[in-house]
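Reviewing the structure listed below.
The values are calculated or read from the model by the stated rules, or taken from the named source; none is laboratory data. Fair warning: this is a prediction, and the values are worked out from it, not measured in the lab. Positions of Cβ are generated from backbone atoms using ideal geometry, with glycine treated the same way; all protein chains shown enter the neighbour counts. For the accessible areas, the whole protein counts, side chains as well, though only heavy atoms, and no ligand, DNA or RNA atoms are used. Shrake-Rupley method; radii C 1.70, N 1.55, O 1.52, S 1.80 Å.
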Amino acid sequence: MMRSARLLASACAAALLFGSAPALAQVGTPALDRALAPIPAPRDAPYPGVISLEMDATDLDRRIVSVKQTIPVTGPGPMILLYPSWLPGNHGPVGPVDDIADLHFSANGQPLRWVRHTVETNGFQIDVPAGVSSIDVSFKWLTPIDGSQGRVVITDEMLNIQWEKAVLYPAGYDTSGITMRPTLRLPAGWRYGTALDTESFENGLATFAPISLEHFADSPLFAGAHYRQVDLDPGGRSPVRLNIVADDPDMLAATEAHIELHRNLVDQADRLFGARHFNHYDFLLAVTDRLGGIGLEHHRSSENSVDPKYFTASNDTLGDRDLLGHEYVHSWNGKWRRPADQLTANFNEPLQNSLLWVYEGQTQYWGQVLTTRAGLLSKELELGSLAMTAATYGLSPGRAWRAMQDTTNDPIIAQRRPQPWGTFQRSEDYYSEGALIWLDADTWIREQSGGRRSLDDFARAFFGVEDGNWDPAPYTFDDIVRTLNEVQPNDWAAFLRTRLDAVGADAPMPLDGIERGGYRLVFKEEPNAYQKALYSEFGRNDFQYSLGIRTDSANRISLVRWGSPAFEAGLTSGWEIVAVNGRTASPGAISEAITASKGNATPIEMMLKKGERFRTVRFDYHDGLRYPHLERIEGAPDRLGDILAPRRR
């Protein structure tokens, strides 16, 4: 809904709720003792005065953060304070307003009554008395105590402050025009990393320089009892730092060789983009299995959590390898160059996700490419990762009915809840299938130009301009098409829209880029090196391209592929495999049973259990184990190898 339409809707709601028509008085009238004011549309004007925010995060035992704000006001009358709803990087209306409690407003020491707005339930209305120049706000941010209540952001050893989770701001102004002056009290002895500029840090109290609410919310903080900061660009023109907090101090013990790979990541990003859109950049990295998992982009920082063995046994943490690369790319793609329909005036104006296949899809592509160019991932392992992606989307049952473009709406309509039939429903496929589209574009440009141009040229032309500027630069679909045409002429609009919008037989297979890159998707009886290591790390066992199931370390089915033998047998996730061909179930026993039935008429028999119910299922499947691999096409140029090779100039 556009701004003007939303304002009209709010005004109409207030009129209907409090109008005098008797017919409306009996239906839908809330029990409020005052009229709700319409929520003013945000306007591009500076908010008068500076909002101070005092946050105390020392109550570790109860995971409670205490917040005080002083907000200047412009005069008497109704005032609406908003709690952020549409959080940047989350792509949906997920602001946890229910975590706010013990909310109080006052002016000149006198309490002010508040009422929640019934149209915008993240809005709180107060009546400002005459003669008041500012109001005081206090509340508690009741952070989740365990994962069932939401993402854990405070542990005994560390915390993750996302300012937008604990701030109210005045309606009627763009967030870029509202100035915040924040302070944060931390437990004794703790240190922190953030993109905010520190004015002072004494006795656990950090005072930060004034900053716009837009950039304030985009500058989270990690703090902990065990902290280390690493310079990833010594002598560089704008600092790039790795700020690490950990559950235990020995988890900080990164080797110099491992740190050097992270420095390579910064170097390879510079070689790709040729510009930086930040005055400094701070990776915030939690090495933990206690803080809730996260990978979230910001313009001058990113929030990341990795396995406790990330530094001390890096070969055992394959699943974390491309996280920092992905989030770092977002500084250019998504934060500086930002889809025009993502550039809203405040945090309560709805976002639109139509270009997430660029915002996230191309970031996914470059994140994996840069991770490999930096040496954090070998070419062999990246090809294994790409094989898994190719199998997922090349054989996706959901592509028969749902266009990839429509998956950009998933963060809004599904809000990342678990799905019963993910392979058929589709989820946020704009990430990895989007990356396949950009691989398709990259290899096409390389082929048509005889190797003289590539998607690297697009990255430099689109993201690598206006060095040093970190004011968001919006873009549209037409901007993407125009820049691609400047790199290599083509009907790029048709190229992209066909891959985004077509379904079923009309949809091009998302494997063209791989084959043009010199490889083909094949299936073998052993997992590729990447899948073997990754699934060992996560405790997964994959039989989805044979029987159609994936299991966990307890032999419980966690996924059933739509249309597979397991699907036809009526299985769903949640069934525990008890026995296979008369033997106690195990991943090895399942593999051996599938192999034993290959090429003959012997069925595979499974006993399964869910609650108090048991079932025996016989699979008439005889094609053996199947795991995805990429195989070189003889005589074809190794364009994938060229893409993944580090840049030397």
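Observations, loosely collected:
- The chain: relative contact order in percent, alpha carbon pairs under 8 Å with at least 6 residues between: 10
- Exceeding the 24 Å Cα-Cα cut-off - candidates Lys140/Lys335; Lys68/Lys165; Lys524/Lys598; Lys165/Lys335: Lys140/Lys335
- In the chain, the portion of solvent-accessible area held by carbon and sulfur atoms comes to 50 percent [1.4 Å probe, whole percent, DNA, RNA and ligands not counted].
- Protection proxy ranking for 285-297, 474-486, using the average of other Cβ atoms within 10 Å per residue and placing the highest first: 285-297, 474-486.
- Gln149/Asn90 FRET efficiency (R0 25 Å; Cβ-Cβ; nearest 0.05): 0.90
- Amide H contacts under 5 Å for Phe311: none, restricted to partners 5 or more places along the chain or on a different chain, H placed in the peptide plane at 1.01 Å from N.
- Cα centroid separation - region 181-246 against region 400-421, whole Å: 36
- A simple spin-label model places pseudo-atoms 7 Å from Cα toward Cβ; at Leu60 and Ser238 they are separated by 3.5 nm.
- Placing dummy labels 7 Å off each Cα toward the beta-carbon, the span from Glu631 to Arg113 is 7.6 nm.
- Radius of gyration (Cα atoms) of region 137-218, expressed as a multiple of 2.2 N^0.38 Å: 1.20.
- Taking the square roots of 5 times each eigenvalue of the Cα gyration tensor of region 395-471, largest first, gives ellipsoid semi-axes of 32, 20, 7 Å.
- Sequence-distant residues sharing a close amide H with Phe543 (under 5 Å, placed H): Ile549, Arg550, Thr551
- Inter-part distance where region 140-162 and region 78-109 are each reduced to a Cα centre, Å: 17
- Each peptide in 331-339, 622-630 receives the mean, over its residues, of other Cβ atoms within 10 Å, and ordering these scores from highest gives 331-339, 622-630.
- Solvent exposure of the chain, expressed per residue, is 40 Å² of accessible area, with all protein chains present and a 1.4 angstrom probe.
- Interchain or long-range residues, amide H under 5 Å from Tyr475's placed H: Arg338, Ala340
- For Lys532, a cut-off of 12 angstrom between C-alpha atoms picks up these aspartates and glutamates, skipping any fewer than 8 places away in its own chain: Asp316, Asp542.
- Annotation for Gln425 and Leu103: the two label points, set 7 Å from Cα along the Cα-Cβ direction, are 3.0 nm apart.
- The calculated FRET efficiency for the pair Ser536 and Ala502, based on their C-beta separation and a Förster distance of 41 Å, comes to about 0.65.
- Modelled label reach - Ala188, point 7 Å along Cα→Cβ, region 216-235 residues with backbone N closer than 17 Å: 224-226
- Estimated FRET transfer efficiency when R0 is 22 angstrom, pair Arg271-Gln229 (beta carbons, to 0.05): 0.35
- Applying the Karplus relation 6.51 cos²θ - 1.76 cosθ + 1.60 with θ = phi - 60° to region 157-167 yields 3J(HN,Hα) values of 10, 7, 8, 10, 8, 10, 4, 5, 7, 9, 8 Hz, where x marks Gly and Pro.
- Per-residue ³J(HN,Hα) for region 137-147, Karplus 6.51 cos²θ - 1.76 cosθ + 1.60, θ = phi - 60°, Hz, x for Gly and Pro: 10, 9, 6, 10, 9, 8, 6, x, 8, 9, x
- Estimated [θ] at 222 nm from DSSP helical runs (n ≥ 4, -39500 (n - 2.57)) normalised by residues in the chain, nearest 500: -7500 deg cm²/dmol
- 3J(HN,Hα) from dihedral phi, region 461-471, Karplus parametrisation 6.51/-1.76/1.60, rounded to Hz, x for glycine, proline: 6, 8, 10, x, 10, 6, 3, x, 7, 10, 7
- Put a plus charge on the Cβ of each Lys and Arg, a minus charge on the Cβ of each Asp and Glu, and nothing anywhere else: the dipole of the chain about its Cα centre is then about 820 debye.
- Most positive-pole-ward Cα, Val230, Thr584, Ser597, against dipole of the chain from beta carbon charges: Ser597
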